[in-house]
Amino acid sequence: MRPATDSAQRSPSTTDSAGSGQVSTSASQLAALARSEHYSSEPPQSASQPPGAAARPAPQGAGSGTTGYSTTIGDNFDEDFVPANEVERDLYHAVDERSTDSFLSTLLLATVLVPVAHNSRPGSAPGESGFAFRTEEIDGDRFLVVFTSRDRLAEHFAEPTRTVGVRFVDLIRNWPDPAWSFAVNPTSTIGARYPGPQVIALASWAVEAGLGGDPIDAPVEQPPRPAAPTAQLTIMQKAVPAEQVDYYLERGYDRVAGFVHRAGEVEHLGSPGELFAALGLLYDGSPYQADAKEAFVLRWPAHRPSLYRIPYGGQSEQALRAMDGWVIERPPFRGNGFAPGEGKDVIAEFKVDSVRLPHGAQLWRMDADGAEQMIAVFDCDAPVWRRVGEQ
């Protein structure tokens with residue numbers, strides 16, 4: 001058995017699901033973020049939370065608050081709604097559970113249909129010369145309306161409508177007009193509305209989180225410096241089953257593969273059970289248990305960010321095509337860039353092929369109360385894992 005690989009992280013069942021992580025922020029935090037001009041470009045060192053969860057997915061006919069944007073879920077929930085694809089299935093579950101967090105996380109990784117204006121140049125795409133969006137007025141405000149399927153499009157427009165498919169994260173990164181608001185599936189039970197400033201704030205978060213950013217926006221590896229050479233590097237983390245710890249400590253194993261996460265995004269989790277649940281590791285047959293008394297994790301600096309790819313995809317060929325992805329995995333894999341965890345934590349998920357751990361990589365133990373202890377540090381010159389306290 002090879003340690004710390006995909007097979008130790010995913011269950012063998014085969015049901016389809018393209019779910020999403022969860023996000024949360026308050027309306028006041030969102031407003032402050034939307035006004036700010038000082039978005040950090042540093043890798044996040046704590047749980048990444050996209051702004052905008054204060055705007056609630058709105059079922060058809062839901063009421064609006066004083067701002068004109070729907071803020072509640074469930075008044076007209078349609079139990080007979082039939083999703084057209086896996087994205088809509090996840091949006092529907094989010095509305096059913098009244099989880100704005102899940103709704104927004106799913107939408108961030110979806111591809112949407114954007115209506116095109118009659119005067120738009122044929123064959124053009126958003127951002128290209130001659131392209132024109134088709135907008136409409138809703139409750140006195142100008143909206144750019146998008147859809148998650150042809151079915152939802154047909155529910156809204158009586159006549160045939162020309163559209164272009166665009167990744168939602170790319171659309172909001174190039175939002176055409178701050179005065180425009182955004183609506184998705186406005187006449188459906190899986191509909192929602194967001195004001196322009198909120199969309200812009202969400203786009204800024206998406207770039208920082210690595211969702212759809214241009215290569216030039218990615219952290220650039222700096223040449224080694226005499227002092228603190230890894231100060232700007234993101235620390236990655238991977239849970240290791242207890243039975244695999246000896247592979248590292250006794251046999252000097254120095255590789256890691258499969259699904260990994262930013263250490264800063266899981267540091268708030270206070271017990272082994274919380275950690276395993278947040279990462280989606282409590283599936284049938286998993287080597288991890290909710291009542292575990294200890295957890296082991298590897299931590300190391302990501303010297304080459306390009307090795308850590310967002311695993312877009314799904315559990316089937318159909319899901320893979322829907323996400324325009326590259327990974328097919330067994331449940332609970334979701335393929336939307338987030339760990340398939342339980343609860344409200346949103347944790348970015350990355351996938352890496354088998355790579356050697358760098359000098360200074362660490363093996364940590366967390367006990368049942370959340371207290372952490374470094375067990376060993378990797379010495380690549382030997383190569384050997386040197387236990388803490390060893391001379």
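Taking the numbered list (1) in a loop (DSSP other than H, G, I, E, B); (2) closer than 16 Å to A348 by Cα in turn, Y288 passes all entries but (2).
Please state which one of D217, D177 is at negative phi, surrounded by fewer than 23 Cβ atoms within 10 Å (Cβ to Cβ) and at pLDDT below 50.
On the way: D177 fails: at pLDDT below 50.
D217 is the lone residue from the list that is at negative phi, surrounded by fewer than 23 Cβ atoms within 10 Å (Cβ to Cβ) and at pLDDT below 50.
Residue pairs whose Cβ atoms lie under 6 Å apart, sitting 6 or more positions apart in sequence or on different chains, and linking a residue in region 82-93 that is among the aliphatic types (A, V, I, L, M) to a partner that is in a helix (DSSP H, G or I) and surrounded by fewer than 18 Cβ atoms within 10 Å (Cβ to Cβ), are A84/D151. Would you mind stating whether R121 is modelled with pLDDT of 90 or more and out of contact with any His (no Cβ under 8 Å at 6 or more places or on another chain)? In short, no. The residues listed here are G252, G258, G285, G196; of these, the one that is at pLDDT 80 or above, at positive phi and touching a Pro at 6+ places or on another chain (Cβ under 6 Å) is G252.
Of all residues in region 303-314, at least one satisfies being surrounded by fewer than 22 Cβ atoms within 10 Å (Cβ to Cβ), under 24 Å from the mean Cα position of the chain (by Cα) and farther than 30 Å from L104 by Cβ.
Picking from residues in region 322-336 that are in contact with a Pro (Cβ under 7 Å, 6 or more places away or on another chain) and closer than 21 Å to A277 by Cα, the one that is surrounded by the fewest Cβ atoms within 10 Å (Cβ to Cβ) is R330.
Taking S188 as the residue in question, decide whether it is in a loop (DSSP other than H, G, I, E, B) and modelled with pLDDT of 85 or more.
Judged against the criteria, S188 is a match.
A Cβ distance below 7 Å, combined with a sequence gap of six or more or placement on separate chains, defines the contacts here; from region 146-174, residues that are assigned by TED's automatic domain parsing to the domain that holds V112 and buried (at least 18 other Cβ atoms within 10 Å of the Cβ) reach residues that are at pLDDT 90 or above and among the charged types (D, E, K, R) in the pairs T148/E88; S149/E88.
The values are calculated or read from the model by the stated rules, or taken from the named source; none is laboratory data. As the structure is a computational prediction, the values presented were derived from the model and not from experiment. Cβ atoms come from the backbone with ideal geometry, glycine included; neighbour counts cover every protein chain shown.
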